[in-house]
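Remarks on the structure that follows.
What follows is calculated from the coordinates using simple rules that are stated; it is not laboratory data. The structure displayed is predicted, hence computed values, not measured ones. Cβ coordinates were reconstructed from backbone atoms using ideal geometry, including for glycine residues, and neighbour counts include every protein chain displayed.
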Amino acid sequence: MKMRLLMGGLTAALLLVGCSNSVEPAKKAEVKPAVSEESLGLRKTDLYTEQGTVPANVDYSCPPPGTSQRIERAYDNAPPMIPHDVEGLLPITKENNACLGCHMPDVAEAMGATPIPASHFSNFRPTTAIADDGKIEKEGREVDNTGDFKMIVKRTDHLYQGRFNCSQCHAPQAQIDPAVANNFKPDYQDENMKHKSDLLDVLNVGVQ
C-alpha cells in the first residue's frame, strides 16, 4: 500500500515538472515612456519651481488710484478686484497697510474710493466652549451641533484683523494672454450687486 502511494506521488511530481517545462515563459510587460512634468496641464514648466511659470514681461500697469474705473464683481459678493496701480502699496505688513488710507469708510467718499464693507468690521469666529454638561456653547449660547448651522456674527468698531491683509482676496490686474479664455457670465441678483456687497444680509440664507 505504502509502495503504491509512493509511486503515485512520484508520478504526480513528474507530471507537474513536465507540465511546467512545457509552459512558455511570460512575456515582459511593455514599459511605456514616462510622462514629463512639463507636458502636464497648461503651465508647461517644472512642477517644483515657479521659475518661468509667470512671464517676466507681465504688464501690471493700471491707472493711478482715484482715476480708475471699478471692475464688476465676478459674482454676487465676490471680492472686487483692484482696478488701479499698486506700485508702492504692496506688500502689506503688520506695520503698514496703505489701502486703509483711502478705503476706510470715514474717508472713502472724500477720496473717491470704494469703502471697506461692514463684513470686514465683523468677527465670524465666535467664542466656542464645551459646557460642563458636554453641550456646545457659542458666545454663551447653547447650540445644537447636529443642526444649528446659523452663523454667529460679532460686529466690531474696528477693522477685523482677519481682513487686514487685503491682497489675500483682492488682486491687481495684469494684461496677459490667458491660456484658457474665461467665458463665465455672472447672473447678479440685481444690477447693484455688480459693485456692492450684502454679505451680512444673506449670510444665513438657506440655514434659517
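General observations
- Per residue, the average separation of C-alpha pairs within less than 8 Å and at least 6 apart gives the chain a relative contact order of 23 percent.
- Residues of the stretch 152-167 with amide N under 20 Å of a point placed 7 Å along Cα→Cβ from E109: 157-159
- Between N123 and A174, residue separation times 0.36 nm minus the direct Cα-Cα distance comes to 15.1 nm.
- Centre-to-centre separation between the Cα atoms of the stretch 98-159 and those of the stretch 43-63: 36 Å.
- Long pairs among K135/K194; K44/K194; K94/K138; K154/K194; K138/K194, criterion Cα-Cα beyond 31 Å: K135/K194; K44/K194; K138/K194
- Evaluated with a Cβ-only charge set (Lys, Arg +1; Asp, Glu -1), the chain carries a dipole of roughly 1300 debye about its Cα centre, given to the nearest 20.
- Amide H contacts for A171 (H built 1.01 Å from N in the peptide plane; partners 5 or more residues away or on another chain; cut-off under 5 Å): I82.
- Percentage relative contact order, the stretch 84-207, counting C-alpha pairs under 8 Å, at least six apart: 23 percent
- Taken over the Cα atoms of the chain, the convex hull encloses 375 Å³ per residue.
- Calculated from backbone phi, Karplus (6.51, -1.76, 1.60) coupling profile of the stretch 40-54 in Hz, x at Gly/Pro: 8, x, 9, 6, 6, 9, 4, 6, 9, 8, 8, 4, x, 6, 9
- Applying the Karplus relation 6.51 cos²θ - 1.76 cosθ + 1.60 with θ = phi - 60° to the stretch 95-102 yields 3J(HN,Hα) values of 8, 9, 10, 5, 4, 5, x, 10 Hz, where x marks Gly and Pro.
- Amide H to amide H distances under 5 Å link S122 with T156, Y160, where only residues 5 or more positions off or on other chains count and H is placed in the peptide plane.
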